[in-house]
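Notes to accompany the following structure.
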Amino acid sequence: MRDRAKWMCGIAATLAAMVSVVGCIGDSVEYGPCPKDRQHGVSCFWEGGITFEPDRVSQADGFVFVHGEMTWGPCAMTPGKQIRSYRINPADGSTTQMDAPANAEPVAIPAEGMIEVVPTGSMRRVRIDPDAVISVTQSKLPIGEVLDEATGMSLAVIELAAVCDG
């Protein structure tokens with residue numbers, strides 16, 4: 001019986017040590033406009049991630065527009081969340097933060113997998129990964145690529161500015 005008690009105490013101590021090292025387990029998730037230090041003074045071996053989850057995609061005037069939620073989740077910090085809209089240029093994959101125009105044609109978002117759009121009159125396919133994630137230490141979040149419609153070759157990476165505004 002004593003051996004079992006020692007074994008259980010050992011497991012409890014190990015779990016407590018892991019939680020203090022990770023610093024992120026068990027904390028409540030309340031989002032702010034940008035991440036804020038929780039003043040825990042906890043050292044972490046994982047610094048968190050940046051994600052962009054599209055909820056609307058459309059096309060107009062040869063461009064692709066994507067709207068969604070960007071989140072930042074640094075360890076030992078209150079995570080940040082912002083709603084953002086970007087225009088993607090299929091010519092070179094460049095992005096500009098802006099809303100879709102009123103005449104934009106909606107594009108269906110599949111339940112799973114990549115979002116793919118070939119803008120009207122274009123020979124380029126815009127492929128967006130709704131599950132893209134990168135470290136919070138990075139300033140750009142790659143969310144997809146521009147492909148040549150005829151050959152399927154990747155022509156450019158699509159990146160969003162991942163700096164928290166606010």
> Name the residues in segment 140-166 that are of a type in the set (Gly, Ala, Ser) and part of a strand (DSSP E or B), would you?
Replying inline: Gly144, Ser154, Ala156, Ala161
>> Given (1) at pLDDT below 95; (2) within 23 Å of Ala162 (Cα to Cα), identify the lone condition not met by Gly121.
In response: (2)
>> So in segment 43-83, with the set limited to residues that are hydroxyl-bearing (Ser, Thr, Tyr) and part of a strand (DSSP E or B), which one is modelled with the highest pLDDT?
In response: Ser58
> Going through segment 140-166 one residue at a time, which ones are open to solvent by 70 Å² or more (accessible area, probe 1.4 Å) and hydrophobic (A, V, I, L, M, F, W, C)?
Replying inline: Ala150, Met153, Leu155, Val157, Val163
> Taking segment 93-139 only, how many residues are loosely packed, with under 12 Cβ neighbours inside 10 Å, in a loop (DSSP other than H, G, I, E, B) and in contact with a strand residue (DSSP E or B) (Cβ under 6 Å, 6 or more places away or on another chain)?
Replying inline: 1
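The values are calculated or read from the model by the stated rules, or taken from the named source; none is laboratory data. For clarity, every value in this text was computed on a predicted model and none was experimentally measured. All Cβ positions, even for glycine, are placed from backbone atoms using ideal geometry, and neighbour counts span all protein chains on display. All accessible areas refer to the heavy atoms of the entire protein, side chains included, with ligands and DNA or RNA removed. Shrake-Rupley method; radii C 1.70, N 1.55, O 1.52, S 1.80 Å.
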